Amino acid sequence: MTNDTVTGIARTAGRRGFSPARGRVPARRRPISARLLDGALTLPALAIYIVLMVVPVGYAVYYSFTTYNGIPSQSPTWVGLDNYRRIFEDPANEMHSSVMVTATIAIVGSLLVNAIALGLALLLQRKSRFNSFGRAVMFYPHVLSALIVGFLWQALLGPQGAINALMETMMGSRLPFLSDPTWALWTLIGVIVWAQFGVQLVLYIAGLQAVSVDLLEAARIDGASRFQVFRHVTWPALASTVTVTIITSVLSLLKAYDVVLGLTNGGPGGATQTWAYEILAVSFPNNKVGLASAQAVLLIIAAGILSFSIIAMRRKAESGSEAVG
Amino acid sequence: MKRSRRMSTALRITFLGLLSAAMLVPMYILVINAFKPQQDILLSPLTINPETATTEFLAAAWNSTQFPVVEGYIFTIFLVIACNLVSIGVSIPAAYVIARTPGFVFAAMLMFFVAGMFIPSQIILVPTIFVLKALGLMGTVPGLVLFMSATMIPFTLFIFSGYIRMLPRSLDEAAAIDGAGRLRIIWTIVFPLMKPIVATAFILNALSAWNDFVSPQLILGPGSTAKTITTGVYAAVSSYSTNYEIVFPTLLLAVAPILVIFIAMQRFIMGGLASGAVKG
């Protein structure tokens, strides 16, 4: 057979297997110099990634067990789980409220973002001039920095802001968008949704383009209503897109910080203080590096657990999509 | 049947038209109010009188000492290019080796990199500051570039290795038979074929570098003379948030270039996002 030739080429090319089926068959090892070169090629990426991403995570874990205050002359003292205990018991009740704020933003925000994005994607999926204009308009807030989005909406919705000034002249009353704790939280969520749904919209449109036209047509010929076509053909075929859009939106909502800084600065009275805000604007500036690290570690763990559970939950839906697609 | 379809098209266009207009209202208010004095902004935020419109406040924002606008643009563009050079430059060879070498080691290495996508980069900044201090890079531009590149590497490498897997192996095998070494294969055979995915990575990394606020603010320090657009806006606006004569012109100067770039390149920006996240 041609297997010999193939292995010969593969060997010359410096590789072990050739076809996926043969991948496991142990062929002759590549010369050590070639393998060293392979290692060397991954080295720059590994070095930067390890030193500036992995090592800091390690440091965060270490500091989270200490009362380090970040002052160079002081050294960290080991206190075990004290920082974590403090976060869970939370005597002053400031951390639990920021967990609640973050959870509300992540859950409500990602549901809203995905619902709006999917709905609009269905309306904007055909290619036309009007639709590409619409897509661009829905997407543009994403190219603005979150900090600027926050400042912009603060100028619009603040007590002196443009929208309140307008309501005053038209209806004679103002709304406490940013000055009432409950209003401020929902305003923040609204602003985040305004800024973010465009990204998910683009992802959904890309996903919709991959839905089999034959299946859609067949369903229509069989007399399925619009809703039935969506429910039984489009939605299952979108399964992997939905997984991506949910994970990306939840991860970006979990770390909301810039937009909070610009819009409300955590106020009024901590009502919009997110977990990331707590870490970067409360614990760290107050020289509580140990506590800030414990909070960062918990956020990373939460992000990991959430992502993996979303992937696990979506696995069933995605395997269903293979049957359809 | 036909009439109901026309009706629904009309409904769809009306709905989307109204929504598009609503999405643009904040931008409209931002633009017109950048040319008006405080009194006019408070009294009539939605209209502009061309006779009293003035560029005086824009000029004041342009000359602001807290936010040196031109230097801000230049420094931010420099960051965008430097971070892309570093993150794409190191990701290509690593992704090539990972995609083309079978075996457990490189599969595990890919997982190791991908795990980085779940680390919220702004949160990891607090401990990163101590690492940078130990390296003597805290408060320096190289330190900032290296950290921002490190946060871009996981995603860049992930989409690159997925893309290289789709390229036919016979190409690099042919080159190998002709006597090309690995480095040569990567830069003369594989890299040119990767143009679409490199463009995608460049666009997405550029957007995140352009908009990053926390990294430059914390690594360079709030008092740093090198200001990006976002740290400059923060310095200029945060303490004057009700002085709209400062707020609106400063924000307009900050968003104008990226909006112009977006309008010119929107197809590629949105297309890049779609191909990077879904197909990668």
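Note that chain B presents 44 Å² accessible area per residue, ligands and nucleic acids not counted, probe 1.4 Å.
A compact globular protein would have a Cα radius of gyration near 2.2 N^0.38 Å; the ratio found for chain A is 1.31. Sequence-distant contacts, meaning Cα pairs under 8 Å at least 6 residues apart, place the relative contact order of chain A at 25 percent. Pop the C-beta distance of A:LEU166 and A:LEU122 into the FRET formula with R0 = 30 Å and round what comes out to the nearest 0.05. Here the calculated transfer efficiency is 0.40. Taking amide H as placed 1.01 Å from N in the peptide plane, A:THR66 has its amide H under 5 Å from the amide H of A:VAL79, each at least 5 places away in sequence or on another chain. Evaluating 6.51 cos²θ - 1.76 cosθ + 1.60 at θ = phi - 60° for every residue in the stretch A:209-214, the Karplus couplings come out as 5, 8, 6, 4, 5, 4 Hz, glycine and proline recorded as x.
Using θ = phi - 60° in the Karplus curve 6.51 cos²θ - 1.76 cosθ + 1.60, the 3J(HN,Hα) couplings for the stretch A:42-49 round to 8, 4, x, 4, 4, 4, 4, 5 Hz; x is entered for Gly and Pro. Put a dot 7 Å past the Cα of B:MET7, heading toward its Cβ, do the same for A:ARG315, and the two dots end up 4.8 nm apart.
Extension gain, A:ILE71-A:SER33: 0.36 nm per intervening residue step, less the Cα-Cα distance, totals 9.0 nm.
When the P(r) of the protein assembly as shown is calculated, the portion above 47 Å amounts to 19% of the C-alpha pairs.
Within chain B, the proportion of Cα pairs with more than 23 Å between them is 65 percent.
Here the accessible area of the stretch B:118-245 is 65 percent carbon and sulfur, with a 1.4 angstrom probe and all protein chains present. Against the criterion of solvent-accessible heavy-atom surface with a 1.4 angstrom probe, A:MET100, A:MET170, A:MET95, B:MET117 sort, most first, into A:MET170, A:MET100, B:MET117, A:MET95. Calculated FRET efficiency, B:PHE268 to B:ILE81, Cβ-Cβ distance, R0 = 22 Å: about 0.80 to the nearest 0.05. Converting phi to 3J(HN,Hα) with the Karplus coefficients 6.51, -1.76 and 1.60 and the offset θ = phi - 60°, the stretch A:292-305 yields 4, 5, 4, 5, 5, 4, 5, 5, 5, 4, 4, 4, x, 4 Hz in sequence order, with x at every glycine or proline.
Listed cross-link partners B:LYS195/B:LYS227; B:LYS133/B:LYS195; A:LYS127/B:LYS195; B:LYS133/B:LYS227 are compared with a 28 Å cut-off, the Cα-Cα value being larger for B:LYS195/B:LYS227; B:LYS133/B:LYS195. Approximating the spin labels as points 7 Å out from Cα along Cα→Cβ, the B:LEU259-to-A:LEU81 distance works out to 5.3 nm.
Direction-averaged projected area, Cα convex hull, the stretch A:220-325: 9.3 nm², rounded to one decimal.
Within the accessible surface of the stretch A:84-204, defined with a 1.4 Å probe on protein heavy atoms only, the carbon and sulfur portion equals 66 percent. Buried accessible surface for the A/B chain pair comes to about 8100 Å², total over both chains, computed with a 1.4 Å probe. With the cut-off at under 16 Å, measuring from each backbone N in the stretch B:12-32 to a point 7 Å along the Cα-to-Cβ line of A:ALA115 picks out no residue.
The B:ARG184 and A:ALA47 beta-carbon pair, evaluated with R₀ = 22 Å, returns a calculated FRET efficiency of approximately 0.45.
The values are calculated or read from the model by the stated rules, or taken from the named source; none is laboratory data. Predicted, not measured: the structure shown is a model, and the values here were computed from it. Cβ: placed from backbone, ideal geometry, glycine included. Neighbour counts: every protein chain shown. Accessible surface areas use protein heavy atoms only, side chains included; no ligands, DNA or RNA. Shrake-Rupley method; radii C 1.70, N 1.55, O 1.52, S 1.80 Å.
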